[in-house]
Amino acid sequence: MNFDGKVAVVVGAGSGIGRATASLFAEYGARVALADIDKNGLVETAEMLAGRGAEVSQHVCDLTDQEQTEALIEDARRSHGRIDSVVTTVGWSDTTFFATEEAEYWRRIIDINLMTSIFLCRAALRVLSPQKSGSIVLTSSDAGKVGTMGETVYAAAKAGVIGFVKSLARETARDGVRVNAISPGPTDTPLLRAQSDQDVIEKMIRAVPLKRMGTAEEQAAPIVFLASDGASYITGQTLSVSGGLTMTS
Ligand SMILES: NC(=O)c1ccc[n+]([C@@H]2O[C@H](COP(=O)([O-])OP(=O)(O)OC[C@H]3O[C@@H](n4cnc5c(N)ncnc54)[C@H](O)[C@@H]3O)[C@@H](O)[C@H]2O)c1
């Protein structure tokens, strides 16, 4: 994979899978526009990559806000002169039973896990469609494929990402823009550690055929592959990266 001369926008770059993805893009030669709502995480990632000689820009952005998302893409294009790949790993959930939550929580979960992808794609396509090339990679979850107790509305939002990817990929194919997603299983990141105690983590590991959690780097590799020219005949797909947890089509 070679991203020399190319520019990737990575939202969620302040932590976990997004940070590992930004790092891998940079390793393959891309200039990277790093974005996150969390300024501290963003600065840490930027310093880490700049220390390795990568060319990066930093953009604080709340991806649940359409105006901020439009501004992010415009700033990234202005900073680097072009955009080739756009990735979001933004997502969040708590583990809580459906009947114990109310509309405010459900809306927040849908905003963070689905609306962010919708806003980002709308903004990205203003650049990618006219240039007739580009690749978008979103982040679903195996919860959206098979469901998870305690993550009902999160699973609905992540299933929404899968349907969105399939439909958008059909619309953007004529412009040479590919749209795909990854669907992580249990992955050792700050999000998972905040959400689950050791007992729950061990239970999850027992359910995974490969009998371990994934790493952020193991999610980053397929994201960057899907963004690359190596995946030039792949669009509309959501790839499970979950140690075999789900084997649905
Ligand atoms: N870790 C897992 O086990 C797991 C499993 C399945 C799916 N996922 C999905 O993978 C993705 C990445 O998860 P992670 O484990 O790396 O999480 P993480 O919490 O480590 O990273 C998520 C990043 O997104 C940022 N973010 C959150 N809301 C934002 C917003 N509104 N605007 C901009 N940035 C925002 C956070 O600040 C954080 O830096 C998420 O979409 C998550 O749902 C993770």
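Observations
- Count - residues of region 216-246 that are modelled with pLDDT of 95 or more, within 14 Å of the ligand (Cβ to nearest atom) and among the polar types (S, T, N, Q): 4
- Tally of residues being under 12 Å from the mean Cα position of the chain (by Cα) and under 17 Å from Asp75 (Cβ atoms) across region 15-46: 3
- In region 76-124, the residues that are in a helix (DSSP H, G or I) and in contact with a strand residue (DSSP E or B) (Cβ under 7 Å, 6 or more places away or on another chain): Ala76, Ser79, His80, Thr116, Ser117, Leu120, Cys121, Ala124
- Once region 14-35 is narrowed to residues that are closer than 20 Å to Gln195 by Cα and within 7 Å of the ligand (Cβ to nearest atom), the residue that is surrounded by the fewest Cβ atoms within 10 Å (Cβ to Cβ) is Ser15.
- Scanning region 188-214 for residues that are of a type in the set (S, T, N, Q) and within 12 Å of Gly18 (Cα to Cα) gives a single hit, Thr189.
- With respect to the stated conditions, Ser129 fails to be without any contact (Cβ under 8 Å) to a residue 60 or more places away in the chain, surrounded by 19 or more Cβ atoms within 10 Å (Cβ to Cβ) and hydroxyl-bearing (Ser, Thr, Tyr).
- Residues located in region 64-101, provided they are closer than 19 Å to Val177 by Cβ and within 14 Å of the ligand (Cβ to nearest atom): Thr69, Glu70, Leu72, Ile73, Ala76, Val86, Val87, Thr88
- Of the helices (runs of 4 or more DSSP H) lying entirely inside region 135-224, those carrying at least 3 residues that are surrounded by 19 or more Cβ atoms within 10 Å (Cβ to Cβ) are 143-146, 152-172.
- Taking (1) touching a residue at least 60 places away in the same chain (Cβ under 8 Å); (2) more than 29 Å from Leu72 (Cα to Cα) in turn, Met204 satisfies each apart from (1).
The values are calculated or read from the model by the stated rules, or taken from the named source; none is laboratory data. Source: prediction; values computed, not measured. All Cβ positions, even for glycine, are placed from backbone atoms using ideal geometry, and neighbour counts span all protein chains on display.
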